[in-house]
Amino acid sequence: MRAIVVGAGVIGAATAWRLGQRGVEVILCDPTPGRGATHAAGGMLAAISEVQYGQEALYPLMLASAAEYPAFIAELTRDTELPTGHETAGTLVLAADRADRDALALLSGVQHRHGMRVEELTGRDVRRLEPAVGPRIAAGFRTPDDHRIDPRQLVRALLDAILARQGQRLITEPVVAVESLGDGWSVRLGSGHAETADKLVLAPGIGLNGIEGLPARAYAPLRPVFGDVLKVAIPRSLLLPGETQLFGHTIRGLVHGVPVYLVPRADGQVVIGATSREDGLDAPSAGGVWRLLRDAGTLVPGLLETEFVEAVARARPGSPDDIPMIGEVAPGLVLSAGYFRHGILLTPLGSRLTADLVSGTVAADDHDHLGAVDPARLLTLRS
Ligand SMILES: Cc1cc2nc3c(=O)[nH]c(=O)nc-3n(C[C@H](O)[C@H](O)[C@H](O)COP(=O)(O)OP(=O)(O)OC[C@H]3O[C@@H](n4cnc5c(N)ncnc54)[C@H](O)[C@@H]3O)c2cc1C
């Protein structure tokens, strides 16, 4: 069987890798592999600390995918020697003031009711765990089961496994249109050249909105929710002897009602994210950069004494209900898009479900998950 996978972000790349493991010949198409939302993502695998009110349908997907991560990474590292930055250090969620603490305490009630592990800490407990945390932090919560990965490393490792180990093809051109051939699919590339395959997987993130020829009643348009993300490098003078990171946990916080997070990378750099904007500005916003630095400095004051490395902005690909759309939307055409805030966390589950739909091997245990992500649930359809 031959499959074309459109999009080489984490979802398309992981799906292509899974298909290759099953003996499928894959053509991966992407003009800028790994440079979409994946390039900006913090890489928090935060099934628990990312719980939001009213998104109950997402919790089982997030928990199931988090549970699959260790095996997913173990399998991937048998196919590539490149690192993924997967770290099982837990997450601290900090409160900058009493109202922030009360909001986090309310949320921890929901987390406990869903059987998730959350431990409440005093400011002193927090600083015992992470001495770099600022003196104004009065309380916190620890979610030991929320881990992290480096999304840029992950996508590089997946591409290495697909191209070097499996010998698949990558075409660095956009797909501009798709067409059903009855017993297969054809895609038209930016150069005008066409490729054909038995099956077609669409995983182009927010790029889905620009592809022509999709069948009517296939999907709902995605909305771009931009996020600004910063990276800083920690000077040696701030580190304790023998240490490479300023802090070991992923640190999230509510600072006067506004969320911010700090993700340490293995090379000692720290990612500071992320704003959430629906203003159409696809470059880093000045106000966003200022707010992230201000709030990061409240959580860990030393971060304001670091070297500024980069600011990037990307669009989170949001579906109308913030839940991914994964399903066979026409014979041989599998959609896997709309992963919004959780695409890195949902990669093991989402890519496995997508590959199962392509190869027609869906397990009975996955019917509930597939019901939750079925694109047909969204009634706003494009013709
Ligand atoms: C600021 C920010 C922070 C985030 N933090 C986290 C986090 O901590 N944890 C988490 O789980 N998630 C996080 N996310 C969400 C996560 O990044 C996304 O859900 C995930 O990257 C989606 O993966 P994807 O492969 O579907 O899309 P993308 O990563 O956007 O990849 C899509 C790919 O398709 C390609 N493409 C587009 N159009 C076409 C076309 N016509 N033809 C061919 N190729 C095409 C693009 O070049 C791109 O490489 C964050 C997102 C942002 C923006």
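The values are calculated or read from the model by the stated rules, or taken from the named source; none is laboratory data. No experiment lies behind these values; they were computed from the predicted model shown. Virtual Cβ from ideal backbone geometry, glycine too; neighbours counted across all protein chains shown.
When the range 117-153 is filtered for residues that are crowded, with 18+ Cβ neighbours inside 10 Å and in contact with a helix residue (DSSP H, G or I) (Cβ under 6 Å, 6 or more places away or on another chain), the ones remaining, listed by number, are Val118, Ala132, Val133, Gly134, Ile137, Ala139, Gly140, Phe141, Pro151.
Return the residues of the range 158-215 that are in contact with a Lys or Arg (Cβ under 9 Å, 6 or more places away or on another chain), among the charged types (D, E, K, R) and within 13 Å of the ligand (Cβ to nearest atom); say none if nothing qualifies. Of everything in the range 158-215, those that are in contact with a Lys or Arg (Cβ under 9 Å, 6 or more places away or on another chain), among the charged types (D, E, K, R) and within 13 Å of the ligand (Cβ to nearest atom) turn out to be Glu195, Glu212.
Could we say that Val24 is more than 8 Å from the ligand (Cβ to nearest atom) and not polar (S, T, N, Q) here? Against the criterion (more than 8 Å from the ligand (Cβ to nearest atom) and not polar (S, T, N, Q)), Val24 qualifies.
Restrict the check to the range 54-74 and report whether at least one residue is within 13 Å of the ligand (Cβ to nearest atom), modelled with pLDDT of 95 or more and of a type in the set (Val, Ile, Thr). Within the range 54-74, none of the residues are within 13 Å of the ligand (Cβ to nearest atom), modelled with pLDDT of 95 or more and of a type in the set (Val, Ile, Thr).
Count of the range 337-379 residues, restricted to those that are within 13 Å of the ligand (Cβ to nearest atom) and at positive phi, is 2.
Once the range 1-21 is narrowed to residues that are β-branched (Val, Ile, Thr) and near the ligand (Cβ under 7 Å from one of its atoms), the residue that is farthest from the chain's Cα centre (by Cα) is Val6.
When Asp30 is tested against (1) acidic (Asp, Glu); (2) within 21 Å of Gly318 (Cβ to Cβ); (3) surrounded by fewer than 19 Cβ atoms within 10 Å (Cβ to Cβ), just one condition goes unmet, and that condition is (3). Take Ala47 and tell me if it is surrounded by 16 or more Cβ atoms within 10 Å (Cβ to Cβ), under 21 Å from Met325 (Cβ atoms), within 11 Å of the ligand (Cβ to nearest atom) and in contact (Cβ under 8 Å) with a residue 60 or more places away in the chain. Criteria met by Ala47. Among the residues of the range 123-175, those that are among the small types (Gly, Ala, Ser) and either over 30 Å from Gly190 (Cα atoms) or within 22 Å of the chain's Cα centre (by Cα) (or both) comprise Gly123, Ala132, Gly134, Ala138, Ala139, Gly140, Ala157, Ala161.
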